[in-house]
Amino acid sequence: MTVETPPIAALTLSESERMLLSALFRQGPLPRSDLSDLTPLSQQSVHRLLEKLSEQGLVRFGDPQIRGRGKPSPTVCLDASQYASLGVSITTERVGLCLLDLAGQPLRDIVIDAIPGDPESLMDRLERQLDSWRSDLLSSRTLIGMGVGMQGWRSGRSDCFQPPEPLNLWRGLPLTEVFGDRFGMACFAENNSTASAIAEHYMSSGDAEKSLIYLSFDYGFGGGVFVDGHALIGDRGNAGELSTLFAPEEARSRPALEELLKRLRGRGMVFDTVSDMVAGFDPAWPGVDDWVREVAPQLRLMIRALKAIVDPGAICFGGEAPSALRQALLRACDGAMDGHGTPNPVLRESRISGDAAHVGAAFLPLHATVFAGL
């Protein structure tokens, strides 16, 4: 069954057009004349390309700005009213949806009542949600595409994942084909941690960090690597699978929330899931400080390794870990890079509260088809 979707975009943008859209995403609104300074494009090319982008509903012009002598230059900004991008994130415990406008602002950011491990019922539930949005949020917008974030690793550079056991029915499914055929739109798939790294890049304020690492403290522990404006995937699609750094005998002391859950249960606290633990998290709970001290040596070593290998501008602490736990882990890494002469990355909390994977999934179509050179 193919779902009757909202209008679907068939955007084919040149590298120069994407460069202009990227500059407006990061810096806009801007006087049109400034765009030739921010890009390698001539004024004539900027004028011509912006007219075309305006006709497509991707940018809009505003009042001219007077700057000294000469003809005033009109301001230009992204048109956030015409398009949307859909993201779906699948974890062992929940399914998150995010609908973004062209400026990267969430129109909706929700968790739906779907069974993560049942592909058919999940897509049925997603179909109903799209049908609901079609009458309001998407009544006047064109969908650019759908991004799907999945937990797990790949056996090759494909859209087929090997997820954790609760998601076993997704194992080996070609996600872009499964979702693309069902919903009749361009589909992009990525590991949840890598999708989160892409979201972190786009949601950064001011100048973008060209290279960053996103540490995803979830049921397991993973990461996303974003280098020189692109997500690093690796030869077999598993760049950022940070848990592979741990030998089997060390896995118990990796900074995975599954392990914290076990420690708290061992002290008599009752939680059914990681989500339950996160929802009511209190850093003063007995056992939390002990766990942070236990995982700190491995985490500090990992920070030094990521600095040495990737040279990122920032290493961001995120995932499902609540802010208080992210801050505790950050404090545990104070001084981890002392004594090295090379510049250190900034260690900071993710700018996205909660799990960023569904936001990152919604950025996948934008990153792949709209923006470039950020």
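The values are calculated or read from the model by the stated rules, or taken from the named source; none is laboratory data. All figures in this text were calculated on a predicted structure; none of them were measured in a lab. For neighbour counting, all protein chains shown are included, and Cβ atoms are generated from backbone atoms with ideal geometry for every residue, glycine included. To get the accessible areas, we keep the full protein, side chains included, count just its heavy atoms, and leave off ligands, DNA and RNA. Shrake-Rupley method; radii C 1.70, N 1.55, O 1.52, S 1.80 Å.
For S243, indicate whether it is under 22 Å from R326 (Cβ atoms) and touching a residue at least 40 places away in the same chain (Cβ under 8 Å). No.
For A195, the conditions (1) touching a residue at least 60 places away in the same chain (Cβ under 8 Å); (2) within 22 Å of T92 (Cα to Cα); (3) more than 17 Å from the chain's Cα centre (by Cα) are fulfilled apart from (3).
If you go through segment 197-235 and keep only what is part of a helix (DSSP H, G or I) and of a type outside the set (V, I, T), you end up with A197, A199, E200, H201, Y202, M203. Of all the criteria given as (1) in contact with a helix residue (DSSP H, G or I) (Cβ under 9 Å, 6 or more places away or on another chain); (2) of a type in the set (G, A, S); (3) closer than 19 Å to P255 by Cα, the one not satisfied by G360 is (3). Filter segment 276-302 down to residues that are open to solvent by less than 40 Å² (accessible area, probe 1.4 Å) and not hydrophobic (A, V, I, L, M, F, W, C), then give me how many there are. Selection size over segment 276-302: 1.
Mind listing whichever residues of segment 150-190 are open to solvent by 20 Å² or more (accessible area, probe 1.4 Å), aromatic (F, W, Y) and farther than 17 Å from A368 by Cα? If the condition is that a residue be open to solvent by 20 Å² or more (accessible area, probe 1.4 Å), aromatic (F, W, Y) and farther than 17 Å from A368 by Cα, then W153 is the only one that fits.
Scanning segment 303-326 for residues that are farther than 22 Å from G280 by Cβ and open to solvent by 10 Å² or more (accessible area, probe 1.4 Å) yields R304, A305, L306, K307, A308, I309, V310, D311, G313. Based on what the data block shows, is G280 modelled with pLDDT under 95 and out of contact with any strand residue (DSSP E or B) (no Cβ under 7 Å at 6 or more places or on another chain)? So G280 passes the test.
Scanning segment 106-139 for residues that are farther than 30 Å from C77 by Cα, open to solvent by 50 Å² or more (accessible area, probe 1.4 Å) and not charged (D, E, K, R) returns V111, I115.
Report, by residue number, each residue of segment 175-196 that is part of a loop (DSSP other than H, G, I, E, B) and under 23 Å from G220 (Cα atoms). Even if it seems obvious, please write down each step before you answer.
First, the residues of segment 175-196 that are part of a loop (DSSP other than H, G, I, E, B): 184-186.
Once the filter is applied, which keeps residues that are part of a loop (DSSP other than H, G, I, E, B) and under 23 Å from G220 (Cα atoms), segment 175-196 yields nothing.
Taking the condition open to solvent by less than 50 Å² (accessible area, probe 1.4 Å), farther than 30 Å from D235 by Cβ and either in contact with a Leu (Cβ under 7 Å, 6 or more places away or on another chain) or free of Cβ contacts under 8 Å to residues at least 60 places away in the same chain (or both), does L143 pass?
Values: open to solvent by less than 50 Å² (accessible area, probe 1.4 Å): yes; farther than 30 Å from D235 by Cβ: yes; either in contact with a Leu (Cβ under 7 Å, 6 or more places away or on another chain) or free of Cβ contacts under 8 Å to residues at least 60 places away in the same chain (or both): yes.
When the stated conditions are applied, L143 passes them.
When the strands (runs of 3 or more DSSP E) confined to segment 5-119 are screened for residues that are over 30 Å from A256 (Cα atoms) and of a type in the set (D, E, K, R), none reaches at least 3 such residues.
If you scan segment 156-171, which residues turn out to be outside any helix (DSSP H, G or I) and closer than 16 Å to N192 by Cα? Full working, then the answer.
Here is the first cut: in segment 156-171, the ones outside any helix (DSSP H, G or I) are 156-164, 171.
Selection gives R157, S158, D159, C160, F161, Q162, P163, P164, R171.
Within segment 106-122, residues that are small (G, A, S) reach partners that are part of a loop (DSSP other than H, G, I, E, B) and open to solvent by 50 Å² or more (accessible area, probe 1.4 Å) with beta carbons closer than 6 Å, at six or more positions or on different chains, in the pairs S121/I115.
Out of E241, E250, one residue alone is modelled with pLDDT under 90, surrounded by 19 or more Cβ atoms within 10 Å (Cβ to Cβ) and of a type in the set (D, E, K, R). It is E241.
Across segment 16-32, the qualifying residues are those that are more than 17 Å from P365 (Cα to Cα) and polar (S, T, N, Q), and the one among them that is least open to solvent (accessible area, probe 1.4 Å) is S16.
Please go through segment 89-105 and give me each residue that is of a type outside the set (A, V, I, L, M) and open to solvent by 10 Å² or more (accessible area, probe 1.4 Å), ordered by number.
Taking segment 89-105 and keeping what is of a type outside the set (A, V, I, L, M), we get 89, 91-94, 96, 98, 101, 104-105.
Scanning segment 89-105 gives T92, E93, R94, D101, Q105.
For segment 236-251, a residue qualifies if it is in a helix (DSSP H, G or I) and within 23 Å of N191 (Cα to Cα), and the qualifying residues are L242, S243, T244, L245, P248, A251.
In the set (1) open to solvent by 70 Å² or more (accessible area, probe 1.4 Å); (2) within 22 Å of A195 (Cβ to Cβ), the condition left unmet by R331 is number (2). All of (1) farther than 18 Å from S85 by Cβ; (2) at pLDDT 90 or above; (3) of a type outside the set (A, V, I, L, M); (4) out of contact with any strand residue (DSSP E or B) (no Cβ under 9 Å at 6 or more places or on another chain) hold for S132 with one exception: (1).
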